[in-house]
Amino acid sequence: MFGFLKGKKKGLEELLTQASVLEKELSLSTLAHTYYEIGKLYQEKDDLERAKLYLERANTLYSNFDEVYDKCQSFMEDCDERLGALEEEDILYNSLLEQVEEKASEFSNEEKFYWGLLSLARLESTLKRLAVCPGCEILLETEKVLTLLIQSMHQDMQEADREYLNDFLGRFYEFGDSEAFVDVSNQVPLSDGTVLQFFDLNGNDTMTCLHLFIDTCFSALSAGADWVEVGDDAEVDFIACTILGDYYLRTQDGNLRDNPKVQEELARIWSDAEFVDNEPEIDEVIERIQAYRKLDLLA
């Protein structure tokens, strides 16, 4: 329909409108190029947060679909170089991820698992929203998964639960390689008139890091009484994704750091870190997790 942006150079608003049309039509190669052009324009405007958002979307599309990859050779190298440069910039997600990793390095494995489970509890409602999207039904199971992980914190895991979680992790891994994982039409309406896209979960990052966290947590909990210091270190990188920065950057104007919802979630992240640092009892951790499960980050 549009070709690869043939004709006169398009402005930012025109490209954003074009992207919304292409998302509905699933014209993925042209959409990847459109995202790339949008990212470049935001970079020229020194809006580095949104530049990273759209350049990562382009990267996700050509990295996950062979047919898109073949048609995007003309700009992929430049897109990758721009993303590499943005990793060194003072972007909220970059700095938050660095701070989370630094703090986690001070924690025991037990404390890392607690911090991650508290964050997963807050993310549960968002994942369940997206479970209505075609091919994303597995996200509805995160409620059961979290329930089983919580139960296993104070009692030995039952064999049936172990088998279920092992099966879930296999299916969740396959989900990460599915077309539904990067289907730009997978979105749900919100009460304020905006839509939440699956892509808003920080491209591939949230689901990839979440899978790693659940996997390491399941492995540790399967060990029984000595679970807290058994196996691999807990993967806590997904904690930085709970601010849902991509959603707010895409749907709202202004500086992400000034967004009240983002500020609220940042406060919860560091409140959890302080809570875990004070060596709470398991029952206290579970109580806090259960309270978070009632929270809707997008309400």
How many of the residues in segment 110-149 are open to solvent by less than 10 Å² (accessible area, probe 1.4 Å) and over 20 Å from Ile243 (Cα atoms)?
4
Inspect all residues belonging to segment 189-202 and state whether any of them is assigned to a loop (DSSP other than H, G, I, E, B), within 20 Å of Leu120 (Cβ to Cβ), of a type outside the set (Phe, Trp, Tyr) and open to solvent by 10 Å² or more (accessible area, probe 1.4 Å).
yes
Restricting the search to segment 131-171, which residues are out of contact with any Asp or Glu (no Cβ under 8 Å at 6 or more places or on another chain) and of a type in the set (Ser, Thr, Tyr)?
Thr147, Tyr164
Can you give me the number of residues within segment 240-290 that are assigned to a helix (DSSP H, G or I), of a type outside the set (Ser, Thr, Tyr) and either open to solvent by less than 50 Å² (accessible area, probe 1.4 Å) or in contact (Cβ under 8 Å) with a residue 60 or more places away in the chain (or both)?
26
Count, please, the residues in segment 227-239 that happen to be of a type outside the set (Val, Ile, Thr), closer than 30 Å to Leu48 by Cβ and either modelled with pLDDT of 95 or more or in a helix (DSSP H, G or I) (or both).
2
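Residue-by-condition table, conditions (1) of a type in the set (Gly, Ala, Ser); (2) more than 19 Å from the chain's Cα centre (by Cα):
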position	(1), (2)
Ile150	no, yes
Asp156	no, yes
Leu165	no, yes
Tyr173	no, no
Gly176	yes, no
Glu179	no, no
Val188	no, no
Phe199	no, no
Elements of type helices (runs of 4 or more DSSP H) contained in segment 29-144, each with 3 or more residues being in contact (Cβ under 8 Å) with a residue 40 or more places away in the chain:
48-64, 73-86, 92-104, 109-130
Tell me the residue from Glu81, Glu111 that is at pLDDT 95 or above and of a type in the set (D, E, K, R), please.
Glu81
Lone qualifier among Leu212, Leu295 - being of a type in the set (A, V, I, L, M, F, W, C), modelled with pLDDT under 95 and open to solvent by 20 Å² or more (accessible area, probe 1.4 Å)
Leu212
Quick check on my filter: what residues within segment 156-176 are under 28 Å from Ser27 (Cβ atoms) and either open to solvent by less than 40 Å² (accessible area, probe 1.4 Å) or touching a helix residue (DSSP H, G or I) at 6+ places or on another chain (Cβ under 8 Å) (or both)?
Phe175, Gly176
Which of the following residues is at pLDDT below 95, crowded, with 19+ Cβ neighbours inside 10 Å, of a type in the set (S, T, N, Q) and over 30 Å from Phe218 (Cβ atoms): Thr60, Thr34?
Thr34
Do we find that Tyr69 is over 22 Å from the mean Cα position of the chain (by Cα) and under 22 Å from Phe199 (Cβ atoms) in this structure?
yes
Just the residues that are exposed (fewer than 13 other Cβ atoms within 10 Å of the Cβ) and at pLDDT below 75, please, taken from segment 3-26.
Gly3, Lys6, Gly7, Lys8, Lys9, Leu26
Restricting to segment 63-103, give me the number of residues that are touching a Ser or Thr at 6+ places or on another chain (Cβ under 7 Å) and open to solvent by less than 20 Å² (accessible area, probe 1.4 Å).
2
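The values are calculated or read from the model by the stated rules, or taken from the named source; none is laboratory data. What you are looking at is a predicted structure, and each value in this text was computed from that prediction instead of being measured. Because the Cβ atoms are built from the backbone with ideal geometry, glycine has one as well, and the counts that use them run over all protein chains shown. Each accessible area value is taken on the protein alone, full model and side chains, heavy atoms only, with ligands, DNA and RNA left out. Shrake-Rupley method; radii C 1.70, N 1.55, O 1.52, S 1.80 Å.
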